[in-house]
Amino acid sequence: MAATLPLVAGALALGIPAAQANATPQSGRDTLSGTKPAWATAKADKGSTSDAGKVTARVYLAGNASALAAYAKAVSDPSSALYGKYLTAKQVQARFGATTQQIAEVTSWLKASGLSVTSHNQHYLTVTGQVADTEKAFATQLHNFTKGGKTYRAPTTTASVPASLGGAVLTVVGLDNAPHVVKHDTATLPAPPAVFKNSGPFSTYYGSNVAKSLPSAYGAKQPYAVKGYTGTQLRAAYGAKEQNTGKGVTVAITDAFASPTIAKDAATYAKGNGDAAYKKGQLTQVLPSDYQYISECDASGWYGEETLDVEAVHSVAPASDVTYVGAASCSDNDLLDALSKVVDNHLADIVSNSWGEAEQYNTPDLAAAYDQIFQQGAVEGIGFYFSSGDSGDEVANTKTKQVDAPADSPWVTAVGGTSLAVGKDNTYKWETGWGTTKSLLSSDGTSWASLPGTYSYGAGGGTSQIYSQPFYQRGVVPNSLALANGGTAKERVVPDVSAVADPQTGFLVGQSQTFPDGSVQYSEYRIGGTSLASPVFAAIQALAQQAQGGVPLGFANPAIYNKYGTSAYHDVTDHPLGAGVSLAVVRVDYANGIDASKGTITSLRSLGRDSSLSATVGYDDVTGVGSPAAGYLKSFARSGHGHR
């Protein structure tokens with residue numbers, strides 16, 4: 001592995017209008033919208049926080065946020081004269097970043113308010129101080145509020161800053177101390193390092209092994225789930241030819257923590273599954289100097305996420321360089337820092353991110369911090385790809401219909417999920433929207449209980465309650481989805497595109513795991529989730545970038561939607577074999593997740609049943625515009641080249 005780069009502190013200045021400073025009736029103050037969380041209600045108010053309590057917060061610097069957003073849009077829009085005219089990170093800072101004078105003025109004001117500036121960079125200042133001084137600085141009171149059975153600190157009113165700062169402060173993050181953490185979007189059984197194994201029987205390709213001795217379902221005998229697709233199968237299914245390797249393109253992956261065995265595991269997996277061997281320096285890690293919240297974040301559970309992401313990218317784009325950027329924890333602040341490393345150092349042109357949280361937990365101040373990073377990336381020619389989530393419409397998980405964040409951001413490509421059927425000779429057969437229900441085999445073995453069974457998981461999607469409809473979705477996303485929240489203004493709908501995600505048609509990964517006897521051994525298992533879809537699609541983007549001569553694709557959504565309805569995509573529906581034809585696979589699992597000593601569990605997994613979401617003809621909220629077809633890789637070809 002290459003040497004780790006120095007830790008870069010960097011979340012960026014905020015970007016979306018909801019969190020920008022706005023003039024208020026309060027004399028001489030500018031409000032920082034979104035700094036009072038929605039859960040800080042009068043009913044939940046438990047009184048004042050002790051004045052002597054300590055507060056640590058980040059004060060983000062505005063720079064020229066509106067100009068940055070405008071350039072990010074223009075440089076990404078194929079119809080713009082600025083399309084592909086990318087800037088370097090230094091140019092972005094010089095044109096759109098906070099000035100030295102602005103930083104000095106904000107620092108002076110914070111110190112005069114009684115707060116200590118403990119660290120700073122061109123993007124934000126970290127401050128600490130007592131509650132009383134924080135209240136004075138931001139002209140709000142901090143109270144204790146109940147939230148989910150626990151008590152947290154939060155402002156009673158929207159925070160504000162002196163108007164004399166001239167809009168230099170865009171927002172402050174940290175006035176509320178509710179945990180802001182994300183989860184990885186991997187649909188699997190218990191996470192490594194505890195060993196997990198799949199039981200058989202398996203299909204080697206979709207439909208190769210039919211469960212003839214088990215009951216029929218939907219009028220036919222159903223096949224066993226695949227053992228796990230390999231890169232060879234996925235590459236063929238999504239139209240990659242021998243010359244499509246991703247050569248000359250770097251894909252970055254952000255997750256939390258870092259697997260201590262990733263280099264060895266990735267090399268072993270590649271050798272055993274027909275992938276190209278890693279060349280020296282092809283896989284590198286960029287890690288922080290230390291980690292935090294190790295137990296709270298289940299650090300070892302993220303090892304499997306990194307393993308999946310690295311092996312999926314290399315399997316689909318075997319000649320691309322892979323740079324893993326590990327966050328110090330699963331907190332939003334630390335993941336923001338990891339993303340900032342990518343843009344501040346331009347570590348890659350394509351960034352895969354297989355993590356997120358329900359939109360209700362992503363406060364407007366954090367959403368704005370993410371958006372500013374994504375906008376800077378767009379200006380530099382960097383595209384961000386996020387898994388859309390594994391809980392469908394989130395109702396089963398949160399009791400509220402909603403999308404996931406940061407996939408909801410209009411500045412990223414949200415990758416939804418499919419169930420993929422790869423046939424004999426690696427041929428593409430069909431895809432459905434990923435959504436799975438589970439029916440157990442009856443005790444007498446003669447039927448499947450309660451078909452189609454109970455909902456297990458599915459690709460995240462739906463209509464955002466935060467973001468308005470981006471320009472590239474106009475005329476493509478149907479009004480039934482864009483207006484689904486009941487208002488009169490159209491809103492952002494997720495996802496944008498899709499790729500394989502269903503664990504029943506999932507990917508084979510290899511990882512060092514801890515066995516019951518305490519030994520650590522390399523083992524392979526099948527895995528899925530939009531955690532798979534995101535790196536697979538990012539790798540396909542690497543192939544597409546190579547196919548157009550290495551010119552960065554940048555923020556690809558405008559170009560992606562421009563191809564809607566063309567041969568670039570498979571139009572994925574829940575019934576690819578015709579209306580009324582249901583699809584399913586048989587799955588056999590070890591009861592203990594390891595071996596047959598505790599018996600096995602046989603179930604039927606019905607496909608194309610994603611909560612209240614549906615994959616339909618045309619754009620839909622499970623698969624977006626569809627999945628990449630044979631014509632996709634060459635569809636980005638354009639005259640003229642961008643530059644950095």
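So here's what we get for this one:
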read-out	value
Which numbered condition His346 fails, given (1) surrounded by fewer than 24 Cβ atoms within 10 Å (Cβ to Cβ); (2) not in a loop (DSSP other than H, G, I, E, B); (3) not acidic (Asp, Glu)	(2)
Residue ranges of strands (runs of 3 or more DSSP E) in the stretch 458-564 with at least 3 members under 19 Å from Leu420 (Cβ atoms)	497-500, 507-514, 520-527
Residue in the stretch 565-576 that is among the β-branched types (Val, Ile, Thr), closer than 27 Å to Phe202 by Cα and either touching a residue at least 60 places away in the same chain (Cβ under 8 Å) or surrounded by fewer than 24 Cβ atoms within 10 Å (Cβ to Cβ) (or both) present	yes
Hits in the stretch 410-444 - residues which are touching a helix residue (DSSP H, G or I) at 6+ places or on another chain (Cβ under 6 Å) and either open to solvent by 10 Å² or more (accessible area, probe 1.4 Å) or part of a loop (DSSP other than H, G, I, E, B) (or both)	Trp411, Val412, Asn426, Tyr428
Any hit, the stretch 349-371, residues being touching a Leu at 6+ places or on another chain (Cβ under 7 Å), more than 23 Å from Leu508 (Cβ to Cβ) and polar (S, T, N, Q)	no
For Ala104: the one exception among (1) open to solvent by 20 Å² or more (accessible area, probe 1.4 Å); (2) assigned to a strand (DSSP E or B)	(2)
Residue match in the stretch 171-190 (condition: under 30 Å from Asp344 (Cα atoms), out of contact with any Cys (no Cβ under 8 Å at 6 or more places or on another chain), surrounded by 24 or more Cβ atoms within 10 Å (Cβ to Cβ) and acidic (Asp, Glu))	yes
Members of the stretch 132-159 found to be of a type in the set (S, T, N, Q) and in a helix (DSSP H, G or I), listed by number	Thr134
Flag for Asp371 being part of a helix (DSSP H, G or I), open to solvent by 10 Å² or more (accessible area, probe 1.4 Å) and charged (D, E, K, R)	no
Inter-residue pairs, beta-carbon under 8 Å, first at positive phi and in the stretch 226-237, second small (Gly, Ala, Ser), 6+ apart	Gly228/Gly506
Pair list, Cβ < 9 Å and 6+ apart or interchain, from the stretch 447-469 residues that are without any contact (Cβ under 8 Å) to a residue 12 or more places away in the chain to residues that are assigned to a strand (DSSP E or B) and open to solvent by 30 Å² or more (accessible area, probe 1.4 Å)	Ala449/Leu440; Ala449/Leu441; Ser450/Leu440
Elements of type strands (runs of 3 or more DSSP E) contained in the stretch 1-52, each with 2 or more residues being at pLDDT below 50 and either polar (S, T, N, Q) or touching a helix residue (DSSP H, G or I) at 6+ places or on another chain (Cβ under 8 Å) (or both)	21-23
Check on Tyr632, at pLDDT 95 or above, over 29 Å from Gln402 (Cβ atoms) and either of a type outside the set (Asp, Glu) or assigned to a helix (DSSP H, G or I) (or both)	yes
Condition check for Tyr83: assigned to a helix (DSSP H, G or I), farther than 15 Å from Val169 by Cα and in contact (Cβ under 8 Å) with a residue 40 or more places away in the chain	no
Residues being assigned to a strand (DSSP E or B), modelled with pLDDT under 95 and more than 18 Å from Ser419 (Cα to Cα) - total across the stretch 184-230	2
Failed item in (1) surrounded by 24 or more Cβ atoms within 10 Å (Cβ to Cβ); (2) among the small types (Gly, Ala, Ser); (3) in contact with a Gly (Cβ under 7 Å, 6 or more places away or on another chain), with Ala319 passing the rest	(1)
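The values are calculated or read from the model by the stated rules, or taken from the named source; none is laboratory data. Please read all numbers here as calculations on a predicted model, not as lab measurements. Quick reminder, even Gly has a Cβ in these numbers, built from the backbone with ideal geometry, and neighbours come from all protein chains shown. Protein only, heavy atoms only, side chains kept; ligands, DNA and RNA dropped before computing areas. Shrake-Rupley method; radii C 1.70, N 1.55, O 1.52, S 1.80 Å.
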